[in-house]
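I'd like to ask you about the structure that follows.
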Amino acid sequence: MISVPPPQTPRPCTIADALEVVGDRWSLLIVRELFYEQRRFTEIARNTGAPRDILATRLRKLEEHGLITRTQYSERPPRYEYGLTQAGRALSPVLLTLKEWGQRFLNDGPDPVKFTHTCGQTFKAQVCCAACQEPLRGDALRINN
């Protein structure tokens with residue numbers, strides 16, 4: 001009798017779960033614009049280049065998942081402003097780290113957006129260990145089984 005291996009199932013993964021919510025270009029760019037304090041649909045559309053129908057769909061999805069809030073500021077016609085929730089603001093380290101990676105490996109020119117930290121220095125995103133504060137190196141992690 002031939003042995004048939006059991007069907008393979010994907011590894012449970014919180015990265016995959018997060019990508020279900022923010023794993024497309026437009027969703028991350030919307031969060032970026034809200035992080036940059038652009039609150040209105042027209043501002044977000046202009047700064048992301050997203051087609052209006054896609055932008056509307058992504059805004060609804062982000063609201064449904066609790067990453068953004070929508071507040072009406074005009075009744076005739078109905079117009080809304082958007083803002084980040086605590087869950088949406090918690091994506092800022094992800095966006096800033098992705099920004100640093102893009103600048104380092106994909107952009108030959110000057111950084112298009114720079115930030116100054118409250119300490120007065122130019123901010124550069126860096127991942128550090130919460131326990132020892134050491135910066136992450138490529139060989140510093142092991143998977144715990």
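The values are calculated or read from the model by the stated rules, or taken from the named source; none is laboratory data. Please read these numbers as outputs of a predicted model, since none were measured by experiment. Note that we place each Cβ from the backbone using ideal geometry, even for glycine, and neighbour counts take in every protein chain shown. Quick note on the areas: whole protein, heavy atoms, side chains included, nothing else; ligands and nucleic acids left out. Shrake-Rupley method; radii C 1.70, N 1.55, O 1.52, S 1.80 Å.
Kindly establish whether residue 58 is surrounded by fewer than 13 Cβ atoms within 10 Å (Cβ to Cβ) and without any contact (Cβ under 8 Å) to a residue 40 or more places away in the chain.
Taking the combined requirement at face value, the residue does not satisfy it.
Further, regarding this structure: May I ask you to list pairs of residues, at least six apart or on different chains, whose Cβ atoms are under 8 Å apart, with the first in the range 110-128 being in contact (Cβ under 8 Å) with a residue 40 or more places away in the chain and the second being of a type outside the set (Phe, Trp, Tyr) and open to solvent by less than 100 Å² (accessible area, probe 1.4 Å)?
From the range 110-128, the pairs are 113/99.
Could you list, in sequence order, the residues of the range 61-101 that are in contact (Cβ under 8 Å) with a residue 60 or more places away in the chain and open to solvent by 60 Å² or more (accessible area, probe 1.4 Å)?
Start the filter on the range 61-101 by keeping residues that are in contact (Cβ under 8 Å) with a residue 60 or more places away in the chain, which leaves 91, 95, 98.
Correct list: 98 only.
Follow-up question, since we're still on this one. Kindly provide the set of residues from the range 13-32 that are open to solvent by less than 60 Å² (accessible area, probe 1.4 Å) and either hydrophobic (A, V, I, L, M, F, W, C) or touching an Asp or Glu at 6+ places or on another chain (Cβ under 7 Å) (or both), ordered by number.
Within the range 13-32, 13, 16, 18, 21, 22, 26, 28, 29, 30, 31 meet the criteria.
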